[in-house]
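Quick notes on the structure that follows.
The values are calculated or read from the model by the stated rules, or taken from the named source; none is laboratory data. Not measured: the values here are computed from a predicted model. As a convention, Cβ positions derive from the backbone with ideal geometry for all residues, glycine included, and neighbour counts pool all protein chains shown. Remember, those area values only see protein heavy atoms, side chains included, never the ligands or the DNA or RNA. Shrake-Rupley method; radii C 1.70, N 1.55, O 1.52, S 1.80 Å.
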Amino acid sequence: MNYWLMKSEPGECSVDDALAAKNATVPWVGVRNYQARNFMRDAMRVGDGVLFYHSSCAEPGIVGIARVASSAYPDPTQFDPASPYFDARSRPDEPRWLLVDVQVLRKIPTIPLTALRARPELGELLVLKKGNRLSITPVEPRHWQAITASNAGVQPDKVGS
């Protein structure tokens, strides 16, 4: 099982939006970075744990515990000229961009970026690295354990179940 931190701007899709969706599941649309796309395509598996992170907001931080709910598949927004995520170079027979569905399991009290930075055991968490702007980053099992063990009664080894 792998673990991930996935960033979403609350104005695009908040943890509350995801919880309100059917089965608390949303397609993770709009990823337009090759490394993040490759994580979804090559490394994410159904059941992997996800730290749902609000970015580009007043208080960025982890706001929910989720899981990967589907394998990667083509992001339909790349083909929609009306979408801000439209990519004229992408073709339906050779899609350039992918997404996975993410199911929120639990909303948690926000763990702000400042609180993450204050925890020495999380010092190597990729979201804390200077210059890291990726919307999807892998999370080490020890970081997943440290974050989930102290929040909302999540059983770290039971997320994919």
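The residues of the range 1-54 expose, per residue, 45 Å² of accessible area to a 1.4 Å probe. Over all orientations, the range 46-161 has a Cα convex hull whose mean projected area works out to 8.6 square nanometres. Extension gain for Lys22 to Asp93 (0.36 nm times residue separation, less C-alpha to C-alpha distance): 22.7 nm. Separation of the range 110-153 and the range 33-74, taken as the distance between their Cα centroids, equals 14 angstrom.
Efficiency by 1/(1 + (r/R0)^6): what FRET value for Glu140 and Tyr73, r their Cβ-Cβ distance, R0 = 25 Å, to the nearest 0.05? The value I calculate is 0.40.
Carbon-plus-sulfur accessible fraction, the chain (probe radius 1.4 Å, protein heavy atoms only): 50%. Let me make sure I get this right: for the range 1-110, a, b and c are the square roots of the gyration tensor eigenvalues over alpha carbons, sorted descending. Under 1.5 in a/c it's rounded, otherwise prolate if a/b > b/c, else oblate. Which is it? Prolate is the answer for the range 1-110, as a/c is 1.5 or above and a/b outweighs b/c. Across the range 89-95, coupling constants 3J(HN,Hα) worked out from phi with the 6.51/-1.76/1.60 Karplus curve, θ = phi - 60°, read 8, 8, 10, x, 7, 9, x Hz, and Gly and Pro carry x. Projected label points at Leu126 and Asn33, each 7 Å from Cα along the beta carbon direction, are separated by 0.8 nanometres. The simple spin-label model puts a point 7 Å past each Cα toward its Cβ; for Arg133 and Glu59 those points are separated by 2.6 nm.
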